[in-house]
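Scroll down for the structure; my scribbles are underneath it.
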Amino acid sequence: MLSATRIHADEATVTVVSDTKEITDWALRYFSGWWNATAVDAPAETNGSIAEGGALLLADVDSGRLADIETLVGDYDHDEVEYANARTLVARHEDGATYAVQPAERLAYHYDPAAHRLVIVGAQTEPVAVAASRLARELIRGQLLRAGFHILHASCVVRDGRALLTFGPKGAGKTTSALLLAREGFDLLANDRVFIRPDAGGLSILPWPSAAAIGFGLLESAGLYEPLRARVLDGEQMHPTQDQRVTDALHAGSTTPIRNARGKELKPQFFPDQLSSILRMTLAAQARAAALLFPQVDKDAEPHVADTPRALGEEDFFTGKTEDRYPDIFRLAPTKAAPVTDLADRLAQLPRRALVLNHDSRTSAELLAKTAEGLLSE
């Protein structure tokens with residue numbers, strides 16, 4: 001029996017339909033905290049687009065269809081790209097359709113742009129569910145970009161509808177700042193990216209739902225490691241992108257950072273709904289930009305307000321050129337993005353602060369909360 005989840009974010013809608021309820025349930029838990037996701041009756045017609053508008057995503061375990069698309073892509077001229085850290089072969093049909101396969105994951109895709117319909121098939125339920133949630137977000141992203149939204153590389157917390165955006169390169173403290181502020185009573189809107197659009201009322205912000213990676217050090221210093229470990233020992237399933245070595249460390253009670261061969265720290269990976277259920281954070285679904293924050297982590301420094309913050313640069317705005325993890329292989333985004341000039345000008349007018357934080361979560365959180373409250377009251 002078909003089940004369905006409808007996801008709605010501002011002017012964008014995607015309906016996820018599957019013969020396997022676990023797949024549509026994944027979409028519910030992934031998006032209900034940040035976007036409006038609800039269980040609905042499956043549409044009677046799945047060969048066309050959704051009558052109410054938006055896009056249709058059909059996701060199922062289907063080894064026969066998987067093999068058919070794998071053969072088709074192999075027979076066509078195709079490109080090889082990295083998508084979601086997986087080798088992906090992409091072929092384009094003369095009728096405008098896109099076919100893709102991820103051989104190691106045993107996943108295959110067929111996107112029909114005329115019907116706004118994406119089909120995902122695979123050999124096992126969990127990889128299909130992961131891909132369906134990821135691609136549902138991509139279908140929403142394409143619609144929001146067409147509606148004039150941009151994507152910022154920023155974390156975001158909210159109080160009384162007013163948003164504090166935090167910027168910086170990897171390791172600067174964007175996620176740390178957002179999570180510490182969420183522990184101080186601010187609502188968490190995003191830990192890495194946000195959608196943003198200028199309008200008559202200012203700058204409207206929407207979340208980018210995603211799994212959250214939080215290191216052992218931050219979890220321990222914030223008093224979150226033991227509650228997480230207790231839930232894992234009790235059978236809680238973390239996001240499937242979590243490395244097995246991290247799961248093993250949680251079972252063993254170890255907080256020693258784990259690194260892969262390239263030196264990157266492997267961290268616990270949380271479903272969006274686990275930020276609420278395990279870490280007790282409140283999620284925000286929308287807000288208006290009010291202030292900017294530029295943190296920098298220096299383990300040997302005393303937390304303090306730093307010199308004049310930097311201006312926003314190209315690295316703070318996601319574009320087709322700067323996207324690395326999720327290239328637009330299905331051509332869901334508009335060919336011409338909305339001009340960024342007005343957005344950049346409006347962001348430049350907002351109050352801002354630069355902070356230096358250290359590895360002491362308590363003192364860093366106190367400075368962050370005091371600074372955030374001051375900024376959002378200006």
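The values are calculated or read from the model by the stated rules, or taken from the named source; none is laboratory data. Computed from a predicted structure; not experimentally measured. For neighbour counting, all protein chains shown are included, and Cβ atoms are generated from backbone atoms with ideal geometry for every residue, glycine included. SASA here: full protein model, heavy atoms, side chains in, ligands and nucleic acids out. Shrake-Rupley method; radii C 1.70, N 1.55, O 1.52, S 1.80 Å.
Computed over the Cα atoms of region 283-378, what is the convex hull's projected area averaged over all directions, in nm²? Quarter of the Cα hull surface area: 8.6 nm². P(r) tail, region 280-329: Cα-Cα pairs separated by more than 17 Å, 66% of all pairs. Convert 20 °C to kelvin, take the viscosity as 1.002 mPa s, use the Kirkwood radius over C-alpha pairs of region 219-318 as Rh, and evaluate the Stokes-Einstein diffusion coefficient in µm²/s, rounded to a whole number. For the chosen part, D equals 127 µm²/s. Accessible surface calculations at 1.4 Å, restricted to protein heavy atoms, place the chain at 45 Å² per residue. Note on region 149-253: semi-axes of the ellipsoid equivalent to its C-alpha gyration tensor, largest first and rounded to whole Å, are 30, 14, 12.
Taking chymotrypsin sites (Phe, Trp or Tyr not before Pro) across region 46-153, the ones in a DSSP loop with at most 14 further Cβ atoms lying within 10 angstrom of their Cβ are TYR76. Helical runs assigned H by DSSP (4 residues or longer) give the chain a calculated mean residue ellipticity at 222 nm of -9000 deg cm²/dmol, each run adding -39500 (n - 2.57) before division by the residue total. In the chain the longest region clear of trypsin sites (Lys or Arg not before Pro) that are loop-assigned by DSSP and have at most 14 other C-beta atoms within 10 Å covers 1-169.
Rounded to the nearest 20 debye, the dipole size of region 322-378 about its Cα centre is 60 debye, using +1 on the Cβ of Lys and Arg and -1 on the Cβ of Asp and Glu. Rounded to the nearest 10 square angstrom, ILE278 shows an accessible area of 10 square angstrom against a 1.4 Å probe. In the frame of its principal axes, region 97-140 has Cα extents of 28, 19, 12 Å, reported largest first.
Computed about the Cα centre, the dipole magnitude for the chain is approximately 880 debye when only Lys and Arg (+1) and Asp and Glu (-1) carry charge, each at its Cβ.
Which of the three applies to region 105-211, rounded, prolate or oblate, going by the alpha-carbon gyration tensor with a ≥ b ≥ c and a/c under 1.5 meaning rounded? Oblate is the answer for region 105-211, as a/c is 1.5 or above yet b/c matches or exceeds a/b. Listed by chain and number, the lysines placed with their C-alpha closer than 22 angstrom to that of LYS299 are LYS170, LYS174, LYS264, LYS267, LYS370; residues fewer than eight positions away on the same chain are left out. How many percent of the accessible area of region 226-376 is carbon or sulfur, using a 1.4 Å probe? The nonpolar share, carbon plus sulfur, comes to 48 percent. Taking all protein chains as shown and a probe of 1.4 angstrom, HIS78 keeps an accessible surface of around 80 Å². Considered as an equivalent ellipsoid built on the Cα gyration tensor, region 29-152 has semi-axes of 24, 17, 16 Å, the largest given first. Pairwise inverse Cα distances across the chain, averaged and inverted, put the Kirkwood hydrodynamic radius at 21.7 Å. When a 1.4 Å probe is rolled over the protein heavy atoms, the share of accessible surface on region 5-152 that falls to carbon and sulfur comes to 43 percent.
Which of the DSSP-defined H helices in the chain satisfy a minimum axial length of 27 Å, computed from C-alpha atoms, and a minimum mean Kyte-Doolittle hydropathy of 0.0?
Helices meeting the criterion: 125-146.
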